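**Q** This is the structure I have questions about; it appears just below.
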Amino acid sequence: MSYHLQPASVMKTLGSILFILFLGSAAAGAQEAKPVYKVYVDGLSCPFCTYGIEKKFSKVEGVEKIDIDLKTGTTLITMAAGKTLDEKTARETVKAAGFTLRDFEQVQVGPEDKGKE
Amino acid sequence: MVLQIVGLGERIIGTIGASTAFFLFVGMGSAWSAPITFNTALPVAEDEFIFRQQVVYDRSGDDPSGADRDREVFAAVSVLGYGVTSDLAVFGIMPYVDKSLEITSMGVRRTRDTRGIGDLALFGRYTIVQNDIPGRTFRIAPFVGVELPTGEDDETDGLGRLPASVQAGSGSTDPFGGLVATYQTLDFEMDAQASYKISTEANNFEFGDVARLDASLQYRLWSRSLQSGVPGFLYGVFEENLIHQNKNRSNGAKDPDSGGTTLFLVPGLQYVTQRWIVEGGVQIPVVQDLNGMALEKDFIVRCGFRFNF
């Protein structure tokens, strides 16, 4: 017994696979999208000082990841899915660490925020 | 002969040892990226702790009296800082000291020594000026504190009671205060401090008050260009300590062989990361204008680490 693959059949199968993969990745992407905020901190000028910022933000509810860039004085705060960070909390947290918040912006929205758009 | 040795011993540490605790320890109260030999105005985060440990070797041996005096102090100094608020920080400084004094009198070489917990210093620092801009900060913070008589001040040896300055503790409660200013950028940091300590009487002995003017420059030697994230910094450090001490008083009378003014220059290195700092420096006396036959300082070596937790 022998099988002969028809080009049209192969293309159809591949198309189905690609469509399923696309749907899967889109769904995963929607699940992984988490709110990310950029916090601009004034007065931050040595590596040792940055630990206060990291430690204070790590105690804020919902904060999942903290990435500090000393050169630009910015801190990226990634929140857990479904959690948000408001400017007042960010300002108080930076103040508690001993520094001054200059600016605050959301650079990635979570799925719950997308629904509000 | 014994009285002679004891008497000379009392005078010996006049200029240097009389202010041992303030001289060696209080100046290093801060645990932030900061000068090696004194304080800083940089913040301690609210409700957070920082820790600093320093080992100090202090040697004096240039003796104008002809008694060939040699004095050594080893000290392990622990500093714990706590941020009450982002503006108010409190510090505790606990030294463990090992002091020895060698002296030749009537052709006999004698050693007098002691070791133990020294005097605990507690102080608070409050930031009154804070000017933050991107990548730099300027701050001014006064501080006040007290040195408590927690160290043993009644040790004896075969020659009798040790001189006050060889004791691990002073026996007196001594207030102190001052003002520190810091300007820090991503490339360098400058600090300046003025401070004063009032010594009180204990055991019929009173160390001379101490006034200090300190300055520090820390310059980033490496990495030359800033990387992203939080890279480690290697700072070259250059500091000065101008220290004046009044004459000691013993039984109400001033000791003419104590007190004076010393200027130290301090080259050093610091490696600073986000969690820890290692550092070392040598205090070299370049000017010593001392009273009478006060023993001159050779050098002070400091090395240690700081830790964020």
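Taken together, the values in this text are just the output of simple stated rules run on the coordinates, not laboratory data. All of these numbers come straight from a predicted model, not from anything done at the bench. So basically every Cβ, Gly included, is an ideal-geometry build from the backbone, and we count neighbours across all protein chains shown.
**Q** Can you tell me which residue among B:R275, B:R249 is of a type in the set (K, R) and either closer than 22 Å to B:Q184 by Cβ or loosely packed, with under 15 Cβ neighbours inside 10 Å (or both)? Give the derivation first.
**A** Numbers: B:R249 fails: either closer than 22 Å to B:Q184 by Cβ or loosely packed, with under 15 Cβ neighbours inside 10 Å (or both).
The match here is B:R275.
**Q** Have a look at B:L213, B:L242, B:L234 and point out the one that is within 23 Å of B:V129 (Cβ to Cβ) and not β-branched (V, I, T).
**A** Only one candidate qualifies: B:L213.
**Q** In segment B:83-104, how many residues are of a type outside the set (V, I, T) and buried (at least 18 other Cβ atoms within 10 Å of the Cβ)?
**A** Total satisfying the criteria: 9.
**Q** Let me ask something additional. Does B:G260 satisfy the condition of being in contact with a Leu (Cβ under 7 Å, 6 or more places away or on another chain), at positive phi and more than 11 Å from chain A (Cβ to nearest Cβ)?
**A** Working: in contact with a Leu (Cβ under 7 Å, 6 or more places away or on another chain): yes; at positive phi: yes; more than 11 Å from chain A (Cβ to nearest Cβ): yes.
In short, yes.
**Q** Go through segment A:67-89 and give me each residue that's over 17 Å from A:Y51 (Cβ atoms) and surrounded by 22 or more Cβ atoms within 10 Å (Cβ to Cβ).
**A** A:L85
**Q** Further question on the same structure: Name the residues in segment B:233-246 that are among the aliphatic types (A, V, I, L, M) and either closer than 30 Å to B:V166 by Cα or exposed (fewer than 15 other Cβ atoms within 10 Å of the Cβ) (or both), would you?
**A** Taking segment B:233-246 and keeping what is among the aliphatic types (A, V, I, L, M), we get B:234, B:237, B:242-243.
Scanning segment B:233-246 gives B:L234, B:L242, B:I243.
**Q** Taking segment B:171-185 on its own, how many of its residues are part of a strand (DSSP E or B), in contact with an Asp or Glu (Cβ under 8 Å, 6 or more places away or on another chain) and among the small types (G, A, S)?
**A** 1
**Q** Same structure, new question: Return the only residue of B:Q283, B:Q270 being within 14 Å of chain A (Cβ to nearest Cβ) and under 20 Å from the mean Cα position of the chain (by Cα).
**A** Being within 14 Å of chain A (Cβ to nearest Cβ) and under 20 Å from the mean Cα position of the chain (by Cα) holds for just one of B:Q283, B:Q270, which is B:Q270.
**Q** So, in segment B:136-150, how many residues would count as being without any contact (Cβ under 8 Å) to a residue 60 or more places away in the chain and under 19 Å from the mean Cα position of the chain (by Cα)?
**A** 6
Conditions (1) under 20 Å from B:S250 (Cβ atoms); (2) within 14 Å of chain A (Cβ to nearest Cβ); (3) surrounded by fewer than 23 Cβ atoms within 10 Å (Cβ to Cβ), marked per residue:
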{"position": "B:R136", "(1), (2), (3)": "no, yes, yes"}
{"position": "B:P149", "(1), (2), (3)": "yes, no, yes"}
{"position": "B:E152", "(1), (2), (3)": "yes, no, yes"}
{"position": "B:G160", "(1), (2), (3)": "yes, no, yes"}
{"position": "B:G169", "(1), (2), (3)": "yes, no, no"}
{"position": "B:G177", "(1), (2), (3)": "no, no, yes"}
{"position": "B:S216", "(1), (2), (3)": "no, yes, no"}
{"position": "B:R220", "(1), (2), (3)": "no, yes, yes"}
{"position": "B:P231", "(1), (2), (3)": "no, yes, yes"}
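**Q** Here is a further query. Tell me the strands (runs of 3 or more DSSP E) entirely within segment B:44-139 that contain at least 3 residues that are basic (K, R) and more than 24 Å from A:K55 (Cβ to Cβ).
**A** B:108-117
**Q** Provide a single number: the residues in segment A:93-115 that are touching a strand residue (DSSP E or B) at 6+ places or on another chain (Cβ under 9 Å), more than 10 Å from chain B (Cβ to nearest Cβ) and surrounded by 15 or more Cβ atoms within 10 Å (Cβ to Cβ).
**A** The qualifying residues number 4.
**Q** All but one of (1) in contact (Cβ under 8 Å) with a residue 60 or more places away in the chain; (2) more than 20 Å from B:F74 (Cβ to Cβ); (3) over 15 Å from the mean Cα position of the chain (by Cα) hold for B:D132; state the number of the condition that does not hold.
**A** Failing condition for B:D132: (1).
**Q** Collect the residues in segment B:152-166 that are touching a residue at least 60 places away in the same chain (Cβ under 8 Å) and in a loop (DSSP other than H, G, I, E, B), keeping them in residue-number order.
**A** B:L159, B:L162, B:P163 - these are the residues of segment B:152-166 that are touching a residue at least 60 places away in the same chain (Cβ under 8 Å) and in a loop (DSSP other than H, G, I, E, B).
**Q** Next question, about the same structure. Check off (1) surrounded by 15 or more Cβ atoms within 10 Å (Cβ to Cβ); (2) more than 27 Å from B:A41 (Cβ to Cβ); (3) among the polar types (S, T, N, Q) for B:S225 and give me the number that stays unchecked.
**A** (1)
**Q** Right, another one. State all residues of segment B:111-134 that are among the polar types (S, T, N, Q) and either within 23 Å of A:L101 (Cβ to Cβ) or within 14 Å of chain A (Cβ to nearest Cβ) (or both); if no residue qualifies, say none.
**A** The answer is B:T127, B:Q130, B:N131.
**Q** So in segment B:37-73, with the set limited to residues that are among the hydrophobic types (A, V, I, L, M, F, W, C) and either free of Cβ contacts under 8 Å to residues at least 40 places away in the same chain or within 14 Å of chain A (Cβ to nearest Cβ) (or both), which one is farthest from B:E279 (Cα to Cα)? Let's see the steps before the verdict.
**A** Applying the first criterion (among the hydrophobic types (A, V, I, L, M, F, W, C)) to segment B:37-73 yields B:38, B:41-42, B:44-45, B:49-51, B:55-56, B:67, B:73.
Of the ones still in play, those that are also either free of Cβ contacts under 8 Å to residues at least 40 places away in the same chain or within 14 Å of chain A (Cβ to nearest Cβ) (or both) are B:41-42, B:44-45, B:49-51.
Values: B:A41: 19, B:L42: 17, B:V44: 19, B:A45: 22, B:F49: 19, B:I50: 16, B:F51: 14 Å.
Residue satisfying both the conditions and the ranking: B:A45.
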